[in-house]
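Read the structure below first, then the notes.
Just so it is clear, none of the values below were taken in a lab; they were calculated from the coordinates. Quick caveat: nothing in here was measured; it's all calculated off a predicted structure. As a convention, Cβ positions derive from the backbone with ideal geometry for all residues, glycine included, and neighbour counts pool all protein chains shown.
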Amino acid sequence: MTKEEAQKLLDAADVFYDCDPEDPEDEPNVLNQNDTWGWALAMGEKVPDECLIEVANLFRQYGDAGILYWVSKRNDNMRSQFNDINRKIDFVEHEIEIRKKCNTSSKLAFYKTSYTIGEKPSLFEKIKTFLKLVR
């Protein structure tokens, strides 16, 4: 995939905030992450040009879960307040590990494994636990 193809795929998927090319303060390629990592939390993640192909490949392979995984990894394995988001991140993480073990599609198709997803605490949960301890 070329950078141009990656840009087209992500633009067609409408994953970025709208960008006004005439506004010098309006950055292109900022992922819309509103209400993803916490309740009523407005957030965007800039995708540098050198990461467009990586993000597009993750999106093509795993859908929005691939984008969530990429944003999490870019932010020190950030966890969401929402368990459904964390399960998607965990799913992609596990699938990437499996793909490293299986170097052909045949091996991947018949590889048997099981894993648990969504058990890592979010930052929100860590703060709640900490506050309970200090009270």
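At-a-glance table
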quantity: Residue-averaged 222 nm ellipticity for the chain, from DSSP H runs of 4+ at -39500 (n - 2.57), nearest 500; calculated: -15500 deg cm²/dmol
quantity: Kirkwood Rh in Å, taken over all unlike Cα pairs in the chain; calculated: 16.6
quantity: Spacing of the two label points (7 Å from each Cα toward its C-beta) at residue 117 and residue 82, in nm; calculated: 1.5
quantity: Sites matching GluC sites (Glu not before Pro) across the range 1-81 that sit in DSSP coil, with at most 13 neighbouring C-beta atoms within 10 Å; calculated: 22, 25
quantity: Chain lengthening between residue 110 and residue 94 when straightened (0.36 nm per residue, less Cα-Cα); calculated: 4.2 nm
quantity: Over 30 Å between alpha carbons, listed pairs 8/100; 73/132; 8/112; 3/73; 73/101; calculated: 8/112
quantity: In nm, spacing of pseudo-spin labels at residue 102 and residue 39 (7 Å Cα→C-beta vector); calculated: 3.9
